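Right, one structure below, let's go through it.
The values are calculated or read from the model by the stated rules, or taken from the named source; none is laboratory data. Worth saying up front: this structure is predicted, and the values here are computed from it rather than measured. All Cβ positions, even for glycine, are placed from backbone atoms using ideal geometry, and neighbour counts span all protein chains on display. SASA here: full protein model, heavy atoms, side chains in, ligands and nucleic acids out. Shrake-Rupley method; radii C 1.70, N 1.55, O 1.52, S 1.80 Å.
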Amino acid sequence: MAARRRLAFVLAAVVLLLGGCGYGIAGRAGQMPGGVTELSIPMFSNLTKKPDIESLITSAFVNEMVTTVAVKDDAKAKMDGVIKSYELKAVSFTKSDVNIEYRLTVGLSLSIKSGDTVVWHDDNVVDYEDFAVNPSDVSATRDAEREALRRIAADTARIVKERLLTGF
């Protein structure tokens, strides 16, 4: 009788250990909506007054999606993106009311179509990043703004991919 209990306990432990806890590396598990395995990502449209930001943001999405699906120009499924907003707001000031920090906020509308069927869309993808202002060097402030945009693009692409793979 004791041997049977021990055997049952060992079997239960093995089943629990082999079952795992269900965690996986973010971005590696899951499946794209609509069973998409290939994706075309043409240049996003830029509806803002900020020039030349669409290539940086589109590239971030291509770089992120290529880790999950084949990104090809002739893919059946296509991700369309529209940059709807690009906003800079001063968020921190010195005691003498000099701006020392900006918040850059970018808003996107994204959709994935397979043929004529929309398999996923979100018209309100928004992310922001704060960056320091150098009051004595406009060029350094411009570089910091560009770097903030790079971080927003990469983070937003990663978050969107994770949402796609988890069904949100």
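In square angstrom, what is the accessible area per residue of region 64-168 with a 1.4 angstrom probe? Before the final figure, lay out each step's value.
Values: 5950 Å² over 105 residues.
Normalised by residue count, the accessible surface of region 64-168 is 57 Å².
Excluding same-chain residues fewer than 8 positions from LYS49, which lysines have a Cα within less than 30 Å of its Cα?
LYS49 reaches LYS72, LYS78, LYS84, LYS89, LYS113, LYS161.
If the reach is capped at under 18 angstrom between alpha carbons, list the aspartates and glutamates near LYS50, excluding any in the same chain fewer than eight residues apart.
Leaving aside aspartates and glutamates fewer than 8 places away in the same chain, those within reach of LYS50 are GLU87, ASP127, GLU129, ASP130, ASP143, GLU145, GLU147.
Putting +1 on Lys and Arg Cβ atoms and -1 on Asp and Glu Cβ atoms, find which of VAL66, ASN99, THR37 reaches farthest to the positive end of the dipole of region 25-103.
It is ASN99, whose Cα lies furthest towards the positive end.
With +1 on each Lys and Arg Cβ and -1 on each Asp and Glu Cβ, how big is the dipole of region 51-142 about its Cα centre, in debye rounded to the nearest 20? If you can, show how the numbers build up before the last one.
Numbers: 9 positive and 16 negative charges, 9 e Å.
So the dipole magnitude of region 51-142 works out to roughly 40 debye.
Please report, in whole Å, how far the alpha carbons of region 62-168 spread along each principal axis, starting with the longest.
Principal extents (Cα only, largest first): 57, 21, 21 Å.
For region 44-74 and region 106-168, what is the separation of their C-alpha centers, rounded to whole Å?
10 Å
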